[in-house]
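Here is the structure we will look at.
The values are calculated or read from the model by the stated rules, or taken from the named source; none is laboratory data. Everything numeric here is computed off the predicted structure, so don't read it as measured data. Cβ atoms come from the backbone with ideal geometry, glycine included; neighbour counts cover every protein chain shown.
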Amino acid sequence: MDDTGSIKFTAEQEQDDQMPFLDTLVVRKADGRVKLLVYRKKTHTDQYLHFSSHHPVQHKLSVVRTLLDRSSQIVTEAEDREQEEHHIRTALARCGYPEWSINQVKSQMLRPNTKKTTRKRIWQLSEEPKSTVVIPYVHDLSEAVSRVYKRHGIPTAMRPFQSIRSLLVHPKDRHRPQDICECV
């Protein structure tokens, strides 16, 4: 952005009837119509959150959902969508994602978005919204705790138990007890 606050874009020239724009590759077809594909720079490595990493499974499924959703929103032709899905499956397989994770997200995306109508529990009858509980992520334990909170209508979010920052950055120097002297 410049000093006036306006946004500037870098425009690329059309080459071989193709022009990238943001995440989209605009392709001019022989009949003059255009089709859209997902655009990846030549330096793109298909590195995503590895499935074996210490993160909640919801985060890993969100990676799958984001890639599949981008494909369904951008790609205009069915054959290209199949090719894009194959690319996504291959890239995620290299990152350790099992087939079930991709199939589960895909089936969720195909299901109509209907809300479940369930019997209201006593604590859900109040109009007052519940606060979100933030818990440290500990594999399997955090998921179990989250399910308990969910039964009581309390949303949960998970954060890393330790971060690189918490290991490396100390706002104050630590003092050993023998280094502290009392002034009388």
> Hey, does the stretch 136-150 have a residue that's over 30 Å from residue 53 (Cβ atoms), modelled with pLDDT of 60 or more and of a type in the set (S, T, N, Q)?
Replying inline: no
>> Among the residues of the stretch 14-32, what is the count of those that are modelled with pLDDT of 90 or more and either within 20 Å of residue 44 (Cα to Cα) or surrounded by 10 or more Cβ atoms within 10 Å (Cβ to Cβ) (or both)?
In response: 10
> How about the stretch 87-104: which of its residues are of a type in the set (Gly, Ala, Ser) and in contact with a Ser or Thr (Cβ under 8 Å, 6 or more places away or on another chain)?
Replying inline: 96
> Could you count how many residues in the stretch 23-54 are under 17 Å from residue 84 (Cα atoms) and in a loop (DSSP other than H, G, I, E, B)?
Replying inline: 10
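Which of the residues spanning the stretch 55-64 are touching a strand residue (DSSP E or B) at 6+ places or on another chain (Cβ under 9 Å) and either of a type in the set (Val, Ile, Thr) or in a loop (DSSP other than H, G, I, E, B) (or both)? Working first, answer last.
Step one: of the stretch 55-64, the residues touching a strand residue (DSSP E or B) at 6+ places or on another chain (Cβ under 9 Å) are 55-56, 58-59.
Passing the criteria: 55, 56.
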